[in-house]
Amino acid sequence: MKIIRVFSLLCLIFSSFNVKLSSQQCYSQDLVEISGVTFKQEKYYVITMLREGERIKAKYFAAQDFNGNNVYNRYLEWKKYNPNVVLLSSGTYMDDRGNPQGLTIDNGTIVNQTLIYNKMDALVVVYASGGIAVSNLKDGDLRININGTNRVLDIIKSSNDLDDFIEWATSQRATVFQTHLLVYKNQLKIDSYTSNKDERERRFLAVGKNEDGKIVHSIVHCPQYSTLYEGSKKVLDFLTTAKHLDITFMINLDTGAQDVFELYNSNCSPNSSIKGQLDSRKAVNLLTYYFK
């Protein structure tokens, strides 16, 4: 009789635990969709995130801080106050020592002040509010608001514009980094001659507007091996044709030496449809999306 009572009590405890776990919500499914899609006989895994109401936000950890806290520990500390994580991913390129390449500002702190002029045309700005914007440096039309005045900056041609931009980014606690610009305003910006010829899985971040005119952030994972050019071309076709996305920009997310990716379902449980090969604790930079 005692055994039956103990067994019943254990069943009640585990049942309560499962109900509690299933009732957790990391994010609203109205704002985040995880799907697998076959397009032109190839498989794509897509995380589609609506920025409607600015509930879905981005955060980027560009480097370890000046106290020596590495990127993953910085992420864990931040997560204590922002637990509803949708995903975390490796971001842009690093040198052999793990330092970010190109102009890099982390939450208002200057990490690398050297602007790369010829190889990384995408200047990415992650705002403290959780939004992301990308400027094509070749166009010289970086738009910011300084002291209530809208400015258009050409930070390649004008050192004064570059200084003003860095001062603005630090004052706004913005995060800034450079990377390859793959697509800009629905146009492919990468060519097959100068781009990386290595074939591997590919992962991209595209931002644009859907058919309803709403801002969408899409991460597309391509498990079939391809060069950066081939993958970019295929995903541009997939997003504009199958997803009807009006693309503002598309950039690369590292799947090479820094292949970090974790994805979570709406109930906070891990989703293994996209999984990075590297332990997240070894990340040298991290892009995070979360629900607030």
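Throughout, read-outs are computed from the coordinates displayed, never taken from laboratory work. Remember, predicted model here, so these are calculated numbers, not experimental data. Cβ placement follows ideal geometry from the backbone for every residue including glycine, while neighbour counts extend to all protein chains displayed.
With the cut-off at 1.5 for a/c, could you classify segment 160-208 from its C-alpha gyration tensor as rounded, prolate or oblate?
Here segment 160-208 falls in the prolate category.
Quick one: dipole size for segment 209-288, taken about the Cα centre, charges +1 on Lys/Arg Cβ and -1 on Asp/Glu Cβ, in debye to the nearest 20.
80
Return the Cα extents of segment 23-79 along principal axes one, two and three, sorted largest first, each rounded to a whole Å.
Its Cα atoms span 48, 30, 23 Å along the three principal axes.
Give the label of the value calculated from the structure for Cα Rg over 2.2 N^0.38 Å, choosing from (1) 1.14; (2) 1.09; (3) 0.99.
Looking at Cα Rg over 2.2 N^0.38 Å for this model, the match is (2).
Shape verdict for segment 138-292, please, from the Cα gyration tensor: rounded (a/c under 1.5), prolate (a/b greater than b/c) or oblate.
prolate
Going 7 Å from the Cα of Gln277 along its beta-carbon direction, which residues of segment 244-265 have the amide nitrogen within less than 13 Å of the resulting point?
254-261
Can you tell me the 0 to 90 degree angle between the C-alpha axis of helix 159-171 and the longest principal axis of the chain, rounded to 10?
20
Counting Lys and Arg as +1 and Asp and Glu as -1, each charge on the Cβ, what is the dipole of the chain about the Cα centre in debye, to the nearest 20?
It comes to approximately 1060 debye.
So between Asp237 and Phe66, what do we pick up on full extension, going 0.36 nm a residue minus the alpha carbon distance?
57.3 nm
For labels at Glu54 and Ser28 in the simple 7 Å Cα→Cβ model, what's the distance in nm?
About 1.5 nm, to one decimal.
What does the C-alpha gyration tensor say about the overall shape of segment 228-292? Classify as rounded when a/c is under 1.5, otherwise prolate if a/b is larger than b/c, or oblate.
Cα axes put segment 228-292 in the oblate bin.
So for the pair Lys157, Ser192, with labels modelled 7 Å out along Cα→Cβ, what separation do we get in nm?
Placing both labels 7 Å along Cα→Cβ, they lie 3.3 nm apart.
Tell me, what is the FRET efficiency for Ile110 and Lys138 to the nearest 0.05, using R0 = 22 angstrom and their Cβ-Cβ distance as r?
That pair, Ile110 with Lys138, gives E of 0.40.
From the phi angles alone, apply the Karplus equation (6.51, -1.76, 1.60; θ = phi - 60°) to segment 252-257 and give each ³J(HN,Hα) in whole Hz, x where the residue is Gly or Pro.
8, 10, 4, 10, x, 5
Before rounding to the nearest 500, sum -39500 (n - 2.57) across all DSSP H runs of length at least 4 in the chain and divide by the residue total; then give [θ] at 222 nm in deg cm²/dmol.
The helix contribution divided over the chain gives -6000 deg cm²/dmol.
Quick check: pseudo-label points 7 Å beyond the Cα along Cα→Cβ at Asp246 and Ile146, how many nm apart are they?
The two pseudo-label positions are separated by 3.1 nm.
If you line up the long axis of helix 228-237 against the longest principal axis of the chain, both from Cα atoms, how many degrees apart are they, to the nearest 10?
On a 0 to 90 degree scale, this one is about 70.
By how many nm would the segment from Arg173 to Val37 grow when fully extended, if each residue of separation counts as 0.36 nm and the alpha-carbon distance is taken off?
Once the chain is fully extended between Arg173 and Val37, it gains 45.2 nm.
Using 0.36 nm times the number of residues separating Lys209 and Gln224, minus their current alpha carbon distance, what extension gain do you get?
Here the answer is 2.8 nm.
Taking the Cα atoms only, what angle lies between the long axis of helix 2-23 and the longest principal axis of the chain, rounded to 10 degrees?
20
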